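Data block below; observations after.
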Amino acid sequence: MNLRSKLAIAFAGVGAAAAILVGVFSYQAASQRINAELDRSLLTTSAEIAAGATQVLAPSPVTRGPDDDDHDEAQPMVAQAIAPDGTVRQLGGRPVPLPVGGDDRTLAATGVLADHRYTNFTAGRDDYRVITVALGPGRGAVQLAVDVDESRYVLKGLAARITGVSALVLAVAALAGWLLARQITRRLVRLTDVTEQVSDGRLDDVAVPTGGRDEVGRLATSFDRMLGRLADARADQDRLVQDAAHELRTPLTSLRTNASVLRRFAELTPESRARLLDDVDG
């Protein structure tokens, strides 16, 4: 895997992580807000029912098919009264019996006015959020439940949208990362080609792509100066070899001449022999 691909994957990973974190936090915040509003609505409505406002319990028509999860209907409520002795009386709404536990009976028998507790329960395919509110010592309690299918449907749709947005952000981040990595590594690729040419022995006709004040530009400038110094060093080496060859040419010629004369050493006079030996020694 080349550097460009690694950078593109890194950018995509960072973008995806950011999108997922934002999506998770957004979903949690929305879920908490919806649940808090639902609990507040239950508390307010239970106070109205305790005051005698039973019109809020007008039942919604239930016309569900086999595949309908009830999210397209108004949230129907269920209400019942708990007497101090624990007996239960239906007040209106859906004909669904709400579960009455020991804590609920305690609230009905001895609870202080407005004391309440929340519970959840499931009846068939429907999930309910239940509140039990005490009416005061000896007055019983009111128990109110609301179908939360609509809230669950809204949160499900929100989760689907967050997933879609996260996937889109991932794709955009990957594309942007690839384009940015291409821009970043373009000069590095050219510089790599230059180094490969230099490794093959080329110095004179190599053009280094310089420019820019970032790290890549500084690297290219330094590499260009280094190539210049290498070229100068090679030129100096060539001149040294040429100068040495020129300087050696004259004594070598003299040695060849003396060597040919030495072949007739016995024919030379003593004075000529002495001069020849001095010349070779010199």
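The values are calculated or read from the model by the stated rules, or taken from the named source; none is laboratory data. This is a predicted model, so every value here is computed, not measured. Cβ placement follows ideal geometry from the backbone for every residue including glycine, while neighbour counts extend to all protein chains displayed. These accessible areas exclude ligands, DNA and RNA; they are computed on the full protein's heavy atoms, side chains included. Shrake-Rupley method; radii C 1.70, N 1.55, O 1.52, S 1.80 Å.
Of the numbered conditions (1) loosely packed, with under 10 Cβ neighbours inside 10 Å; (2) in a helix (DSSP H, G or I), F223 satisfies every one except a single condition; which is it? With respect to (1) loosely packed, with under 10 Cβ neighbours inside 10 Å; (2) in a helix (DSSP H, G or I), F223 is out only on (1).
When the residues of the stretch 1-15 are filtered to those that are part of a helix (DSSP H, G or I) and open to solvent by 70 Å² or more (accessible area, probe 1.4 Å), the one that is nearest to V189 (Cα to Cα) is L3. For the stretch 190-203, the criterion of being of a type in the set (A, V, I, L, M, F, W, C), modelled with pLDDT under 75, surrounded by 12 or more Cβ atoms within 10 Å (Cβ to Cβ) and not in a helix (DSSP H, G or I) is met by at least one residue.
Within the span defined as the stretch 16-32, one or more residues are in a helix (DSSP H, G or I), open to solvent by less than 50 Å² (accessible area, probe 1.4 Å) and at pLDDT 90 or above. Check the stretch 163-185 and report whether any residue there is at pLDDT 80 or above, under 30 Å from S26 (Cα atoms) and out of contact with any helix residue (DSSP H, G or I) (no Cβ under 9 Å at 6 or more places or on another chain). Looking through the stretch 163-185, at least one residue is at pLDDT 80 or above, under 30 Å from S26 (Cα atoms) and out of contact with any helix residue (DSSP H, G or I) (no Cβ under 9 Å at 6 or more places or on another chain).
When you scan the stretch 117-139, do you find a residue that is small (G, A, S) and modelled with pLDDT of 90 or more, even just one?
Checked against the condition, which is being small (G, A, S) and modelled with pLDDT of 90 or more, the stretch 117-139 yields at least one hit.
A single member of L268, L240, L277 is surrounded by 10 or more Cβ atoms within 10 Å (Cβ to Cβ) and either of a type in the set (D, E) or within 30 Å of G201 (Cα to Cα) (or both), and it is L240. May I ask you to verify whether V100 is among the aliphatic types (A, V, I, L, M), within 19 Å of D147 (Cα to Cα) and modelled with pLDDT of 90 or more? When the stated conditions are applied, V100 passes them.
Checking the stated criteria, A79 turns out to be modelled with pLDDT of 85 or more and under 27 Å from S31 (Cα atoms). Scanning the stretch 254-282 for residues that are of a type in the set (A, V, I, L, M, F, W, C) and in a helix (DSSP H, G or I) gives L255, A259, V261, L262, F265, A266, A274, L276, L277, V280.
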